[in-house]
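Here is the structure we will look at.
Nothing in this text is a laboratory measurement; each read-out follows from the coordinates by a stated rule. Please read all numbers here as calculations on a predicted model, not as lab measurements. So basically every Cβ, Gly included, is an ideal-geometry build from the backbone, and we count neighbours across all protein chains shown.
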Amino acid sequence: MAGSQAPGYMIRVRALTQIPEYAEAVRLQKIIWGFDEIELLPVRLFVTATKAGGQAFGAFDAKRMIGFCLSIPGIKPGAKSYLHSHMLGVLDEYRNAGVGRLLKLEQRKDALSRGIELIEWTFDPLEVKNAYFNMERLGAVVRRFVLNQYGTTSSHLHGGLPTDRCIAEWWLSAPRVAAIIAGRPPERPPVKARISVPSDIYAIKENDPRRAREIQMRVSDQFLDHFSKGLAVVGFERTPEAGHYLLGTWEFK
């Protein structure tokens, strides 16, 4: 069990093992993303994932579940096992309490205890807060990009846009990851390119969908171009005007 002190409460993370807990995670999906019923991850997927080597963790404020994550097992070429972290969500009122990081660290701890070196997940490149979290708070890197991975969804968070996605690679034993988790600045390769997303993208998505789509297409084209040349996202910077993906050459040392 993991814990973190935040103002006014103690948050704890533990494995989910019971059907009522899985059902609560399904209920949280409705609140956090606003998905239609057909797009919810059902209880039976939580059951199957955990029995097949995946992970399901919940974050609790006292007895109240306020966040959760679910991963499923995968196999890379050469029979290399990894985990795909398919969903992580936290209630709005707990978004700045470090809950997401607690859940990810518990995923890492469990994976390493089983000899698993890699966890992957997808994220929206326009979500600059998530990008900063993934790159700078966890130490993930990005080398792949998928256009409209999930199709257009019913979630208000997606704003009706195609679900273009970065694929985050979290190499759990990499020096970069170890340094960041320990609170030390990691070594970073020279920056060879930048991809910028305006800081007000959230307001743009809500108020000007056409412009949001133009920004999305520009960002997606840049990712595909840079990745085709062997670059990877190795960091993320924030300024008042924009969030900046930092790209360079990277390999797991």
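Couple of notes before you dig in:
- Environment charge at Val90 (Cβ cut-off 15 Å; Lys +1, Arg +1, Asp -1, Glu -1): +3
- Both radii are taken from the alpha-carbon atoms of the range 159-253; with Rh as the Kirkwood radius, Rg/Rh is 1.01.
- Of all DSSP-defined beta bridges confined to the range 2-186, some 95% are antiparallel rather than parallel.
- Stretch gain in nm, segment Thr163-Ala182, where the contour uses 0.36 nm per residue and the Cα spacing is subtracted: 3.5 nm
- Between Arg64 and Arg27, the contour length at 0.36 nm per residue exceeds the alpha carbon distance by 12.1 nm.
- Computed over neighbours whose Cβ is under 14 Å from that of Lys63, the net charge equals 0, Lys and Arg +1, Asp and Glu -1.
- Amide H contacts of Gly235 (H built 1.01 Å from N, under 5 Å, at least 5 apart or other chain): Leu246
- Amide H contacts for His86 (H built 1.01 Å from N in the peptide plane; partners 5 or more residues away or on another chain; cut-off under 5 Å): Leu70, Ser71, Ile72.
- The chain - Debye-derived log10 I(q)/I(0), Cα point model, q = 0.13, 0.17 Å⁻¹: -0.87, -1.51
- For a label point 7 Å along the Cα-to-beta-carbon line of Thr239, residues of the range 109-150 with backbone N under 18 Å: 128-129, 132
- Extension reserve of the Ala193-Ala79 stretch, reckoned as 0.36 nm per residue once the Cα distance is removed: 37.7 nm
- Estimated [θ] at 222 nm from DSSP helical runs (n ≥ 4, -39500 (n - 2.57)) normalised by residues in the chain, nearest 500: -9500 deg cm²/dmol
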